[in-house]
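This report concerns only the one structure given below.
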Amino acid sequence: MRRGRYLGLLLAASLAAIAAPHPARASERVWQRSFVLPPGGHVAVVNIRGSVLVEGWDRNQVQAIVSLRSSLPPDELADVQVDVETRSNLVKFHTHCPTGLSAPVIVDYRLRVPRQTHLDELSTLAGNILVRDVEGALAARTLHGDLVALNVDGSVEAEALTGDISVSLAAGPDARSPVRLETVSGNVELSLPPRANADLELSTVAGRIESPYPIEVSMADSTRHAQVGAGGALVELRTVRGDVRVAPRETGL
């Protein structure tokens with residue numbers, strides 16, 4: 001099996017595993033609500049510990065299923081809340097945990113959003129962030145976890161402290177949709193659509209850089225540069241301890 005095809009299957013399996021419901025537990029609470037949101041609207045999730053999964057769909061509606069899990073007794077778990085801010089074109093979720101809890105709480109978000117949604121902020125301190133089939137801008141950050149975005153179309157800013165970042169673009173990038181993927185300890189991988197035009201800046205301190213595009217080494221620093229197609233859109237892929245890979249997207253990814 002070719003490596004790119006294997007990667008696509010692996011990422012899809014990871015998405016399915018995160019999306020699967022957890023078995024019922026004594027200290028688990030499920031929170032579910034829906035909100036009207038027009039195409040081109042904005043969604044944000046500010047989490048603490050747990051995953052964030054966002055999928056695009058063909059409805060003008062945000063559907064949220066939030067699972068709160070812990071070894072806390074049910075009355076203490078009830079003190080952990082999901083706050084929601086809503087406006088005509090915005091839905092923002094925020095995990096609120098009171099101080100002094102006797103055990104950690106895992107809060108997993110699963111959202112379905114209109115495809116043309118801008119994901120202004122998806123953040124968690126410890127957990128994976130996974131996005132697919134969304135056509136708006138994406139900004140995501142985790143301290144400890146992986147970031148995966150499949151079939152996205154728009155500017156992408158993804159940051160991690162310890163974790164891998166893998167992104168597959170459905171279209172672009174262009175001058176209005178730059179891409180910046182950066183982690184400290186982990187691999188960075190980007191799949192570009194056919195006939196993409198981009199200027200690549202690739203950097204790693206302790207790792208390899210793999211790309212089919214001709215690479216030039218900067219005389220000023222360790223950054224590698226490459227032009228894809230006619231160039232133009234800035235694409236930055238950076239890690240300190242890990243590999244950097246960029247290649248055309250294969251059919252089916």
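Of all residues in region 113-122, which are in a strand (DSSP E or B) and buried (at least 19 other Cβ atoms within 10 Å of the Cβ)?
Taking region 113-122 and keeping what is in a strand (DSSP E or B), we get 113-114, 118-122.
Hits for region 113-122 are V113, P114, H118, L119, L122.
Considering only residues that are within 23 Å of the chain's Cα centre (by Cα) and either part of a strand (DSSP E or B) or closer than 16 Å to V156 by Cβ (or both), which ones fall in region 198-217?
A198, D199, L200, E201, L202, S203, I209, E210
Which of the residues that make up region 228-242 are of a type in the set (S, T, N, Q) and exposed (fewer than 14 other Cβ atoms within 10 Å of the Cβ)?
Answer for region 228-242, where residues must be of a type in the set (S, T, N, Q) and exposed (fewer than 14 other Cβ atoms within 10 Å of the Cβ): there is none.
If you go through region 57-103 one residue at a time, how many are part of a strand (DSSP E or B), in contact (Cβ under 8 Å) with a residue 40 or more places away in the chain and under 21 Å from L125 (Cα atoms)?
Residues in region 57-103 being part of a strand (DSSP E or B), in contact (Cβ under 8 Å) with a residue 40 or more places away in the chain and under 21 Å from L125 (Cα atoms): 14 in total.
Hey, could you check region 94-108 for residues that are surrounded by 14 or more Cβ atoms within 10 Å (Cβ to Cβ) and of a type outside the set (D, E, K, R) and say which is modelled with the lowest pLDDT?
Checked region 94-108; the qualifying residue modelled with the lowest pLDDT is L101.
Checking L10 against (1) at pLDDT 85 or above; (2) surrounded by fewer than 18 Cβ atoms within 10 Å (Cβ to Cβ); (3) more than 23 Å from L125 (Cβ to Cβ); (4) not polar (S, T, N, Q), which test does it fail?
Against the list (1) at pLDDT 85 or above; (2) surrounded by fewer than 18 Cβ atoms within 10 Å (Cβ to Cβ); (3) more than 23 Å from L125 (Cβ to Cβ); (4) not polar (S, T, N, Q), L10 comes up short only on (1).
Can you confirm whether region 184-204 contains a residue that is under 25 Å from R132 (Cβ atoms), exposed (fewer than 14 other Cβ atoms within 10 Å of the Cβ) and not small (G, A, S)?
yes
Please go through region 167-178 and pick out each residue that is farther than 20 Å from V240 by Cα and under 13 Å from the mean Cα position of the chain (by Cα).
S168, L169
Yes or no: region 179-191 includes at least one residue that is under 15 Å from the mean Cα position of the chain (by Cα), under 28 Å from G40 (Cβ atoms) and of a type in the set (V, I, T).
Yes, the conditions are met somewhere in region 179-191.
Can you give me the number of residues within region 66-93 that are surrounded by fewer than 17 Cβ atoms within 10 Å (Cβ to Cβ), modelled with pLDDT of 95 or more and of a type outside the set (K, R)?
Result for region 66-93: 6.
Quick one: would you say A158 is crowded, with 24+ Cβ neighbours inside 10 Å and either of a type outside the set (D, E, K, R) or at pLDDT 95 or above (or both)?
Considered against the rule, which asks whether it is crowded, with 24+ Cβ neighbours inside 10 Å and either of a type outside the set (D, E, K, R) or at pLDDT 95 or above (or both), A158 comes out as yes.
Of all residues in region 138-163, which are farther than 20 Å from Q116 by Cβ, assigned to a strand (DSSP E or B) and more than 8 Å from the chain's Cα centre (by Cα)?
Across region 138-163, the qualifying residues are T142, L143, H144, E159, A160, L161, T162.
Picking from A175, A126, which residue would you name as being surrounded by fewer than 22 Cβ atoms within 10 Å (Cβ to Cβ), outside the structural domain of P73 (by TED's automatic domain parsing) and small (G, A, S)?
Of the residues listed, the single one that is surrounded by fewer than 22 Cβ atoms within 10 Å (Cβ to Cβ), outside the structural domain of P73 (by TED's automatic domain parsing) and small (G, A, S) is A175.
Of all residues being at pLDDT 85 or above and in a loop (DSSP other than H, G, I, E, B) in region 18-39, which is nearest to T117 (Cα to Cα)? Just the residue, please.
P39
Quick test for you: out of D83, D133, pick the one residue that is within 28 Å of P173 (Cα to Cα) and among the acidic types (D, E).
Going through D83, D133 in turn, just one is within 28 Å of P173 (Cα to Cα) and among the acidic types (D, E): D133.
The values are calculated or read from the model by the stated rules, or taken from the named source; none is laboratory data. All of these numbers come straight from a predicted model, not from anything done at the bench. Every residue, glycine as well, gets a Cβ built from its backbone with ideal geometry; the counts of neighbours run over all protein chains shown.
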